[in-house]
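To start, the structure itself, in structure tokens.
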Amino acid sequence: MKLEGVELRRVALPLVTPFRTSLGTQTVRNALLVRVATDEGEGWGECVAEDEPTYCPEYLEGAADVIRRFLVPALFPVDLDPAAVTPALHHLRGHPMAKAAVEMAVLDAWLRARGVSLAAYLGAVRRSLPVGVSVGITDTLDDLLDTVDRHLAAGYARVKLKIEPGWDVEPVARVRETFGADVMLTVDANTAYQPGDAAHLTRLDAYGLAMIEQPFAPDDLHAHARLAAMMSTPICLDESITSARDAVTAIRQGACSIINIKPGRVGGYLEARRIHDVARAHGLPVWCGGMLETGLGRAANLALAALPGFTLPGDISATARYYERDITAPFTLADGELAVPAGPGIGIAPEPSSLEALTTATEWIPAP
Ligand code: SMG
Ligand code: MG
């Protein structure tokens, strides 16, 4: 398959409610879409980098620049198939989210041309999935309880609370006592704690959490391993894991017993599958993380999350939890589950009128 040109498209999707984490507050999702035009048809990818380099070093404008300046030019001469993308970009260091967006678009185009779904290509074993919801930090505990109540009523299988120092034990205790022991509850700190906070974090053991996600800095596996030895609550890593090799290192060091897999963070869906494979070989459950994706990224994440090792509900919520209007048809919960797209490629494409309405800029990168 030959690349004929690439469109970079910025879209702006206002969030239905502000999303506050230990990293900051977001009110709009500015997303970068990558449309590849090839001799076999087109495909769509989504870059999950955010406006600012707070979750990770990448940011949206930087990702657009590296895609335009380095990634796309490196792919023009290549006879493309999905597995050829990462090797062709290997000499360019870092920028996993930019690379993942390009790989996703190539996957979509290549699979579409062959009539194969991403789910089937990756090895999915389920057609629909129970999913979770990530609940931001709220102004008051009452707001938090109202939000959790609404999500449980909608049918979510797991609730994740964002935590930070000063917003941890009390909200967890209140949610647990209000909604009971049966709710699958987790917390995510997005690196907000210091190793010296370990003793404080062990207080969360009293609330039967399914996991605590990324309490410490991404490069501090040692602090996570030490906490794992102190706590009965399983430790899940997100920011720390950027490749299958990282995953093996973290598992060997005892730094985690669960992994949050985000294709963007690890450089694409194929590396994401490798992490799934090594975690499974070590007996670790994994789940699919979320980056407030548009319907494009969510469709692809559902395909990944349908693999057999994804035994925990992911951060793949219904469209209504994020956006009033998405660029694709909405995803809706049916009996607490989201359907895995079954059509060719990622199984969904933007709806032209929504895409136009939400687009803020487009740019065309022609073949030389
Ligand atoms: O897409 O539902 C979603 C958001 C899930 O909480 C979510 N993502 O660390 O896991 C995480 C965060 C990263 C994005 S907010 C900085
Ligand atoms: Mg996380």
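So here's what we get for this one:
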{"read-out": "Check on R273, within 19 Å of the chain's Cα centre (by Cα), more than 26 Å from P53 (Cβ to Cβ) and in contact (Cβ under 8 Å) with a residue 40 or more places away in the chain", "value": "yes"}
{"read-out": "Residue that is nearest to ligand 1 (Cβ to nearest atom) [pool: residues in region 202-216 that are outside any loop (DSSP other than H, G, I, E, B) and under 18 Å from F179 (Cα atoms)]", "value": "M211"}
{"read-out": "Failed condition for R298, given (1) modelled with pLDDT under 95; (2) charged (D, E, K, R); (3) surrounded by 21 or more Cβ atoms within 10 Å (Cβ to Cβ)", "value": "(1)"}
{"read-out": "Some residue of region 255-274 being among the hydrophobic types (A, V, I, L, M, F, W, C), modelled with pLDDT of 95 or more and part of a loop (DSSP other than H, G, I, E, B)", "value": "yes"}
{"read-out": "Residues being away from ligand 2 (no atom under 16 Å from the Cβ) and closer than 11 Å to I348 by Cα - total across region 295-329", "value": "8"}
{"read-out": "Residues of region 20-32 that turn out to be surrounded by fewer than 21 Cβ atoms within 10 Å (Cβ to Cβ) and part of a strand (DSSP E or B), as a count", "value": "8"}
{"read-out": "Within region 284-336, considering residues that are among the β-branched types (V, I, T) and in a loop (DSSP other than H, G, I, E, B), the one nearest to A153 (Cα to Cα)", "value": "T332"}
{"read-out": "Top-ranked residue in region 241-254 [being within 16 Å of ligand 2 (Cβ to nearest atom) and in a helix (DSSP H, G or I); ranked as farthest from E213 (Cα to Cα)]", "value": "D246"}
{"read-out": "Checklist (1) in contact with a Leu (Cβ under 6 Å, 6 or more places away or on another chain); (2) farther than 20 Å from L33 by Cα applied to F310, failing item", "value": "(1)"}
{"read-out": "Residue list for region 271-295, filter: out of contact with any helix residue (DSSP H, G or I) (no Cβ under 7 Å at 6 or more places or on another chain), more than 13 Å from ligand 1 (Cβ to nearest atom) and over 14 Å from L307 (Cα atoms)", "value": "G283"}
{"read-out": "Among residues of region 243-295, those that are crowded, with 19+ Cβ neighbours inside 10 Å and on the phi > 0 side of the Ramachandran plot, counted", "value": "3"}
{"read-out": "Subset of region 248-270 [aliphatic (A, V, I, L, M), within 15 Å of ligand 1 (Cβ to nearest atom) and within 23 Å of G45 (Cα to Cα)]", "value": "I261, V266"}
{"read-out": "The listed residue being in contact with a Gly (Cβ under 8 Å, 6 or more places away or on another chain), assigned to a loop (DSSP other than H, G, I, E, B), within 16 Å of ligand 1 (Cβ to nearest atom) and under 26 Å from Q26 (Cβ atoms), out of Y193, Y156", "value": "Y156"}
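The values are calculated or read from the model by the stated rules, or taken from the named source; none is laboratory data. Only a predicted model underlies this, so the values are computations on that prediction, with no experimental measurement involved. Note that each Cβ is placed from the backbone with ideal geometry, even for glycine, and that neighbours are counted across all protein chains shown.
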